[in-house]
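Chemist: Provided herewith is a single structure, encoded as structure tokens, for subsequent inquiry.
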């Protein structure tokens, strides 16, 4: 199994070694994502699954028999798209371990009483369009197509155009929605992208909830001017005004996190400076802020603190600051029974688990809106993710395969 | 004269009103600069001057007679290129008032005993290539062609290619250098880009020295990671590490300036953040810093203070910071006698002057290396420059014309 995992991991990543200094760039709805999807399809077919593409571009690899085909499906899966210069495990690990679990069940001669599916969702990452989990939103009926349609990537291509560039029909994407009785339950395996499992000395994590973000875009408006001739007194430098807020966000999130039962993280992650020229005082800038916690009240507290700080900065630096809320998603609680089963099947295999929240959004958060859903985390090296050095050991991937196989065996068994 | 100034101002700016919310964008060595140069040529020819283009693309509008043509020239001028979304007076005012002074002298029937020139220098602003005053460097023999050749703009075009795109020959640019005995003196009129003249209640400024910059590019190297899953503790966020430095530069320059005889200004004016994506902790960033004072020791003091602060930040935020010195130009002192004459001709016209330093670099700093040179400032509204709202009143432009005409009349007279 380990050799199969290592080989299939590289195939799904379209590389011959996982050591890629520039990382992996397979943005959603691009040719690169579709190439990885084709490897998924080929690998699933080699395992004897029948693979279809739904109207949103998700690939569904299905193991059904004449006897079970009308029963609800036990499903697992994740995605194969990445951020820019990201890692080769975020998403791929879940798809890989799902296929690995099917291989294990096939190898042992298991006969499912209910259909089993491994799903490879399209366009999970938000880095291309600022919108995440497009494929699983479509499958679970959560996509707002009117809002999505004209969102563009940095090259000016709309989501609609990107979808159609993949040979899909925009007007048909909504047909990817599946009925409540089609799926019995869904579980997603993912790398943790953090260090809590390792620090707890556990083998894996059983996820109770998904921290969904509040995202703000703050527009600082100061006054441009010549860097050489404008005295320091009386400047209205947008960057000088924003700097204390960047420090504040980091410090305040750290303090709130230390004081609270549940963690909160916040990051000033994007800056667009205008005019961004050596000889001109920054006249304006846009600061993008990502705030996450499974405790929605903590996120809202930090949002209020940020706006209070902005009022202070406006006065002190003689600038104006306008806030725009890009995203405000309440956090998602996963199904308790599924979580308990994911703990118990691991325990029967001799693996210890830590129950924890997810700081990141995942496809499972959409699936959970419609079907009983759960999630497990396998450790990743140094907690590092969205980075070329992202890594999960083959041992942890193999443990993941065993846990997913055990869950499928129990749920889809006689 | 005022109507001629207003009309010619708009012609040189290629607009029908100076009210341009998006400002003026005529980067050096582009088609836009060349179009404004063509208007300069046409206007000078209408005044009876003969205009030539030198091998560096500078335009030289010359008023000579059979009697004076072998004598050294009394020259004035500036440039017509702009920063991105800049104003329509920076550079243009000097070219316009030079032509206006010739018009005044022609109208009164003045006959020059020495040739008079109005020079329109190419590519004064550094915003395209990060290199300023390319045309006047060539004329005064200060250009380092080997260093310049492969410098690129943001689109990847080299200076060499840009020069050749204007129909010039790269290998010939050095021939633009003029001999010491060709020019008797050079004076440049420019908008002040500050408020000192207005605050002193003076009509114009007589410039004693040019503050040339130290420019640093600081590379912050932290660690990218997922914004949702990386706990606040232990992050190596390059932007969080840079924020206190941005505040420090502003505060420290203000303090040094208040404590010293001569002012110093410093600006963190450019940021490139990587990856600059909402879901990823900033892994690295480049911060561009512009430091100016006519007191070179003050600039060096602030540079040392910045590096000391960086050492502190490296430890505190667990990042590395590498510094690169892009520019280190000692400040330039202008010719005392020319400055005195610029004060006395104004005084004879009934105008009061303030002697002051220039915080910005100008073409005159290159000309001063080879020929006796001086500079005057006319006020600009709110001290604002490199900005669409940059403005000098037609009254101040007309005063500038009178002062330049008086200087030319005295220096090129019988």
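Rule-based calculations on the coordinates, nothing more; no lab input. Quantities reported herein were computed from a predicted structural model and do not represent experimental measurements. Reconstructed Cβ throughout: ideal geometry from the backbone, glycine too, with neighbour counts over all protein chains shown.
Chemist: If a paramagnetic tag sat 7 Å from the Cα of residue B:272 along the Cα-Cβ line, which residues of region B:304-342 would have the backbone N under 16 Å from that point?
Modeler: Once the point is set 7 Å along Cα→Cβ of residue B:272, B:322-327 turn out to lie under 16 Å by backbone N, inside region B:304-342.
Chemist: Which percent, to the nearest 5, of DSSP beta bridges fully inside chain A are antiparallel?
Modeler: On the way: 42 of 64 bridges.
Of the beta bridges lying entirely in chain A, close to 65 percent run antiparallel.
Chemist: Distances from residue A:337 to the same residue in each other copy, label points 7 Å out along Cα→Cβ, in nm, shortest first?
Modeler: 10.1
Chemist: Taking the DSSP beta bridges in the protein assembly as shown as the whole, what percent of them are antiparallel, to the nearest 5? Each step should come with its number before you reach the end.
Modeler: Numbers: 84 of 128 bridges.
In the protein assembly as shown, approximately 65 percent of DSSP beta bridges are antiparallel ones.
Chemist: Roughly how many Å is it from the Cα centre of region B:184-259 to that of region A:351-414, as a whole number?
Modeler: Computed from Cα coordinates, the inter-centre distance equals 48 Å.
Chemist: Right, something else. Which distances, in nm and shortest first, link the residue B:146 label point to the same label point in every other copy, taking 7 Å along Cα→Cβ?
Modeler: 6.7
Chemist: What does the highest-first list of B:131-139, B:281-289, B:10-18 look like by mean Cβ count within 10 Å? Don't skip to the answer; put the middle values down first.
Modeler: Working: B:131-139: 27.3, B:281-289: 23.4, B:10-18: 15.1.
Highest to lowest by the protection proxy: B:131-139, B:281-289, B:10-18.
Chemist: Helix A:296-317 against the longest principal axis of chain A: what's the angle in degrees, Cα atoms only, rounded to the nearest 10?
Modeler: 20
Chemist: Any idea what angle helix A:336-348 forms with the longest principal axis of chain A, computed on alpha-carbon atoms, 0 to 90 degrees, nearest 10?
Modeler: 60
Chemist: Continuing with this model, one more query. Could you state the per residue volume, in Å³, of the convex hull enclosing the Cα atoms of chain A?
Modeler: For chain A, the hull spanned by Cα atoms encloses 143 Å³ per residue.
Chemist: Further question: Could you state the number of Å between the C-alpha centres of region B:1-51 and region A:79-149?
Modeler: Cα centroid to Cα centroid, the span is 59 Å.
Chemist: Assuming 0.890 mPa s and 25 °C, estimate D for the protein assembly as shown with Stokes-Einstein, Rh taken as the Kirkwood radius over Cα pairs, in µm²/s. List each step's numbers first, then the result.
Modeler: Numbers: Rh = 30.0 Å.
Using the Kirkwood radius from Cα pairs, D works out to 82 µm²/s.
Chemist: Which residue is it, in chain B, that holds its beta carbon closest to the axis of the B-onto-A rotation, and how many whole angstrom away?
Modeler: That would be B:243, 2, residue then distance in Å.
Chemist: Continuing with the same structure: Take peptide A:235-243, look around each residue's Cβ out to 10 angstrom, count Cβ atoms belonging to other protein chains, and average those counts.
Modeler: Numbers: counts 4, 0, 5, 0, 11, 7, 3, 4, 11.
Mean shielding by partner chains, rounded to a whole number: 5.
Chemist: Among B:220-232, B:312-324, A:391-403, what's the highest-first ranking by average C-beta atoms within 10 angstrom per residue?
Modeler: Details: B:220-232: 24.8, B:312-324: 15.4, A:391-403: 21.0.
The packing order, highest mean first, is B:220-232, A:391-403, B:312-324.
Chemist: Mind checking the angle between helix A:31-46 and chain A's longest principal axis? C-alpha axes, 0 to 90 degrees, to the nearest 10.
Modeler: 20
Chemist: In addition: In what order do B:169, A:92, B:343 fall by count of nearby beta-carbon atoms within 10 Å, going from fewest to most? Please report the intermediate quantities before stating the final value.
Modeler: Numbers: B:169 10, A:92 29, B:343 21.
Fewest-to-most ranking of B:169, A:92, B:343: B:169, B:343, A:92.
Chemist: Still on this structure, I have one more. Compute the FRET efficiency between residue B:337 and residue B:199 as 1/(1 + (r/R0)^6), taking r as their Cβ-Cβ distance and R0 = 45 Å, and round to the nearest 0.05.
Modeler: Working: r = 27 Å, r/R0 = 0.61.
It comes out at approximately 0.95.
Chemist: Averaged across B:193-202, how many Cβ atoms of other chains sit within 10 Å of each residue's Cβ atom? Intermediate results must be reported in sequence, preceding the final value.
Modeler: Working: counts 6, 6, 4, 2, 0, 0, 1, 0, 0, 0.
Averaged over the peptide's residues, the number is 2.
Chemist: How many Cβ atoms of partner chains, on average, are near each residue of B:280-286 if near means within 10 Å of its Cβ? Can you show the working numbers first?
Modeler: Numbers: counts 12, 7, 6, 3, 0, 1, 0.
Across the residues of B:280-286, the mean count of other-chain Cβ atoms within 10 Å is 4.
Chemist: Taking residue A:393 in one copy and the same position in all the others, each labelled 7 Å out along Cα→Cβ, what are the pairwise distances from the first, in nm, shortest first?
Modeler: 7.8
Chemist: What is region B:81-225's relative contact order, in percent, from Cα pairs under 8 angstrom and six or more apart in sequence? Intermediate values should be presented prior to the final figure.
Modeler: Values: 102 pairs, mean separation 31.5, N = 145.
So the answer I get is 22 percent.
Chemist: Please give the Cα centre distance for region B:153-168 versus region A:308-328, rounded to the nearest Å.
Modeler: Taking the Cα centre of each part, region B:153-168 and region A:308-328 sit 41 Å apart.
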